[in-house]
Amino acid sequence: MDVATRLFERSRFTGILLFLLINLASFALVRAALLVKQLADLDVSFYSIALAFLLGFVNDLAFFSYLLIPFSLYLLVLPNAAYQSKINRIIVFAGFFISLYALFFVEASEWTFWDEFGVRFNFIAVDYLIYTHEVVHNIIESYPLGWILSGLLLVTIACFLATEKLLSKSFSVREPFALRLKITASLLSLPLVSYVAVGQSAHQFSSNTYLNELAANGPYQFFAAFRNNELDYRHFYKLGDDKRLSGAIRTALAAEPLPDVGQRLYDIKRMVRQSGEEKHLNVILITVESLSAEFLTAFGNTEHITPFMDEWFEQGLLFTNFYATGTRTIRGLEALTLSIPPTPGQSIVKRPDNSKLFNLGHVFQLRGYDTAFLYGGRGYFDNMNAFYAGNGYRVVDQTDFTAEEVTFSNAWGVSDDIIFKRTIKEADLDYQNRKPFFFQIMTTSNHRPYTYPEGKIDIPSGTGRTGGVKYTDYALQEFIALARTKPWFDNTLFVVVADHCAGSARKVDLPVDRYHIPLFIYAPKHVPAQHNDILSSQIDVAPTILGLLNFSYESQFYGRDLMHTDKDEGRALISNYQKLGLFKDNKLVYLSPQQKIDVIADPLGSHQPIDINSEIRLVEEEMAYYQSADYIWSHRLNRYQ
C-alpha cells in the first residue's frame with residue numbers, strides 16, 4: 001500500500017492530510033476573494049488568472065511542506081502506546097483546533113493587510129511584528145475585532161467538528177516504526193523539493209503586480225521577507241565598473257571634488273558655495289503622514305477635503321512635479337534627512353551603526369541651531385528616536401508630553417494639533433533664549449484608524465481616510481494661525497512635505513503616479529509665491545532648503561538645490577524595498593534582484609517596456625546613483641567626526 005493511500009485511509013498521519021486539504025481550500029478561497037476585490041485592476045486573460053491560481057496552489061503546497069516538518073517528526077518518534085494514550089489524544093485534538101484557528105486568523109489578517117497595502121505579507125508585516133503596541137491598538141481601533149475573532153472561532157468549531165471523526169479513527173491504528181519512517185521520509189521530501197524548486201520570486205510571472213500577488217502565498221512571503229529584510233546590493237543587483245560609475249555620479253551631481261578627495265572612489269564630498277550673506281532663518285520641516293498629491297485641489301481633487309492647504313499653497317513656493325522616494329515613513333525620513341538614494345532592503349533609519357551620518361540637521365548644528373525631531377508617537381517605533389539622537393538631534397516624542405498636553409491620542413500617538421502646539425512651545429523657548437531652531441516634525445493623524453478629536457471638522461472621527469486628510473488640513477491651519485502671532489514667525493521658513501503616498505499598490509512594479517506628493521515652502525517675507533514644475537524627489541529637499549538660506553557648506557548630499565537646477569536636468573528617484581528606480585525624460589529605469597534591469601517609456605501613461613540598449617546613458621546614470629549609495633554606506637564614507 002503506497003503512502004498516499006495509507007494517509008487517505010487509517011493512519012496516525014491522517015491529521016496532516018486533513019490539515020493540508022483545509023489549508024489548500026482556505027487559501028484558494030482567500031485567493032478567489034482577492035481576485036474579486038481587485039478584478040477592475042486585472043485587465044488580463046482568463047488563462048493568466050488560471051495560471052495565477054495554479055502557481056498559487058504550488059506556493060500553498062510549498063508553505064505547507066515547511067509547516068508539516070515538526071508534526072511529521074512528532075508522529076514518527078512517538079511510540080504506539082503513547083500515541084494511543086488519552087493525553088496524546090488531548091494534545092492532538094487541541095493542536096489541531098489551535099492550528100485551524102491560527103490558519104483562519106492568518107487569512108483574515110491577510111485580507112486586512114491587502115486592504116491597507118494592496119499586497120500579500122511583505123517586509124512591512126515583518127516590521128510591524130516588532131511594534132506590537134502600535135499595531136495591536138491600531139487593529140483594535142480600526143476593526144470590530146471582537147466580532148471577527150468570534151466569527152473565526154465559529155468557523156474553526158464547524159471545521160473541527162466536520163473532521164473530528166476521521167481524526168478519531170487514527171488513534172486505533174498501530175503503525176510499526178519502519179512504516180512511520182517511510183511515511184515521514186516521503187513527507188519530508190516535500191520541503192526539500194520546495195527549497196530547490198520554489199523560490200521567493202516563483203509567483204512573479206506577469207507584468208501585472210496584482211496578478212503576481214494573487215499567485216503568492218501570504219505566510220510564505222512573510223517568512224521570505226523576514227529572511228531578506230536587508231539585501232546585499234553587490235550580490236543581488238547588476239553591477240557596473242566602479243571607476244566609471246564613480247565618475248558618472250560626480251557628473252550627475254555636478255560635483256567638483258574637494259582637493260583631499262581627488263579621485264577617491266565614490267567620494268562625493270564637495271563645497272556648495274553661495275554668494276552673499278547667509279540667512280539664519282528658523283526652519284520648521286513638517287512631514288505629513290500619507291499626504292498624496294491626489295488629495296489636493298491643485299492636483300485635480302474635487303472633494304475639497306484640504307480647503308486650507310488649497311488656499312495656503314498659493315501663497316508660497318509649491319513644487320508640482322515632486323515624488324516620494326519610497327512607500328514607508330522611514331524611507332521618507334531617510335531621504336529628507338540624509339539626501340541619499342534608497343538602498344535595497346531595510347531603511348538606514350532601522351539599520352545598526354547608523355549614527356553620525358552627514359545629514360541636514362548637522363549643517364544647522366554647525367551654525368548653532370537647536371536641532372530637534374518631534375514626533376507625535378512613541379519614537380522607538382521604526383527606531384526613529386535612536387536614529388535622530390545618534391545623528392545629533394534633540395528628540396521629543398509622545399513620552400515627553402504632559403498629561404495636560406495629551407487631550408487625544410490613538411494607536412499611533414497624539415493628534416496633529418497636539419504635536420503642533422508642542423512645536424510652538426519649543427519655538428517660543430528657543431526664541432526667548434535667542435537661539436535659531438531647525439525642527440523636523442512627523443505627524444500621525446492621517447493613518448488608520450483615522451481618529452481625531454471630535455468637533456474639529458465636519459467628518460466624524462474614525463470613518464476613513466477622507467476624514468484623516470481633512471483633519472490634517474485643519475491642524476495645519478490652526479498651527480499656522482497660531483505661529484503668525486509669534487515674534488519668530490517672520491523669520492521662519494515653513495516646509496510641508498509628505499512622507500509617502502496613501503497607497504502604492506498598482507498593476508505595475510513601480511507605479512510612478514503612486515509616488516506623487518506635494519512639497520511646499522512658505523516664508524512670506526523671504527520666498528515669493530510661485531509654482532515650480534521641475535521633476536524632483538525627497539532627496540532634493542535638504543539642499544533646496546539650504547540654498548534658500550544661502551548657506552555655503554561642505555556637502556555629501558545626492559540632492560540638488562531645485563532653485564538653481566535647469567528643468568531639463570530634473571529627475572526623481574523612487575523605489576520599493578527591492579526595486580530601485582530613476583524617473584527621467586519621461587522614462588523609468590529600475591534595477592531588481594537577480595541582476596535585472598528594466599526600462600519603461602511613458603511610465604505615467606502607456607507604460608511601455610523598451611530595450612535597455614536604447615537607453616544606455618540613462619541606465620548608467622541609474623546604476624551610478626544606487627551602486628554609489630551602497631558603496632558609500634558599506635564603506636562608511638558619509639560620516640562626520
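Brief remarks on what is shown
- Scanning the range 524-551 for residues that are among the aliphatic types (A, V, I, L, M) and in a helix (DSSP H, G or I), we see that the one that is nearest to Thr306 (Cα to Cα) is Val541.
- Meets criteria (closer than 27 Å to Thr492 by Cβ, part of a helix (DSSP H, G or I) and assigned by TED's automatic domain parsing to the domain that holds Leu493) for Ile521: no
- Residue satisfying all of: in the range 585-623; within 24 Å of the chain's Cα centre (by Cα) and part of a helix (DSSP H, G or I); surrounded by the fewest Cβ atoms within 10 Å (Cβ to Cβ) among these: Met623
- Taking the range 401-421 as the range and being in contact (Cβ under 8 Å) with a residue 12 or more places away in the chain and out of contact with any helix residue (DSSP H, G or I) (no Cβ under 8 Å at 6 or more places or on another chain) as the test, the residues that pass are Ile418, Ile419.
- Flag for Pro609 being of a type outside the set (Asp, Glu), touching a Pro at 6+ places or on another chain (Cβ under 8 Å) and modelled with pLDDT under 95: no
- The lone exception for Thr325 - which of (1) closer than 21 Å to Gly503 by Cα; (2) of a type in the set (Val, Ile, Thr); (3) in a helix (DSSP H, G or I); (4) at pLDDT 95 or above it fails: (3)
- Any hit, the range 319-330, residues being among the small types (Gly, Ala, Ser) and crowded, with 21+ Cβ neighbours inside 10 Å: yes
- Condition met for Ile157 (in a helix (DSSP H, G or I) and surrounded by 15 or more Cβ atoms within 10 Å (Cβ to Cβ)): no
- Members of the range 316-330 that are touching a Pro at 6+ places or on another chain (Cβ under 6 Å) and farther than 20 Å from Asn532 by Cβ: Gly326
- Among the candidates Ala28, Ala32, Ala40, residue that is under 32 Å from the mean Cα position of the chain (by Cα), closer than 22 Å to Glu213 by Cα, at pLDDT 90 or above and exposed (fewer than 14 other Cβ atoms within 10 Å of the Cβ): Ala32
- Residues (part of a helix (DSSP H, G or I) and either under 23 Å from Glu622 (Cα atoms) or of a type in the set (D, E, K, R) (or both)) located in the range 350-371: Lys350
Residues checked against (1) among the basic types (Lys, Arg); (2) at pLDDT 95 or above; (3) touching a strand residue (DSSP E or B) at 6+ places or on another chain (Cβ under 6 Å); (4) not in a loop (DSSP other than H, G, I, E, B):
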residue: Phe373; (1), (2), (3), (4): no, yes, yes, yes
residue: Phe387; (1), (2), (3), (4): no, yes, no, yes
residue: Gly392; (1), (2), (3), (4): no, yes, no, no
residue: Val395; (1), (2), (3), (4): no, yes, yes, yes
residue: Glu405; (1), (2), (3), (4): no, no, no, no
residue: Lys421; (1), (2), (3), (4): yes, yes, no, yes
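- Being in a helix (DSSP H, G or I) and of a type in the set (D, E, K, R) is a condition met by no residue of the range 8-28.
The values are calculated or read from the model by the stated rules, or taken from the named source; none is laboratory data. These figures come from a predicted structure and were not determined experimentally. We place every Cβ from the backbone using ideal geometry, glycine too, and count neighbours over all the protein chains shown.
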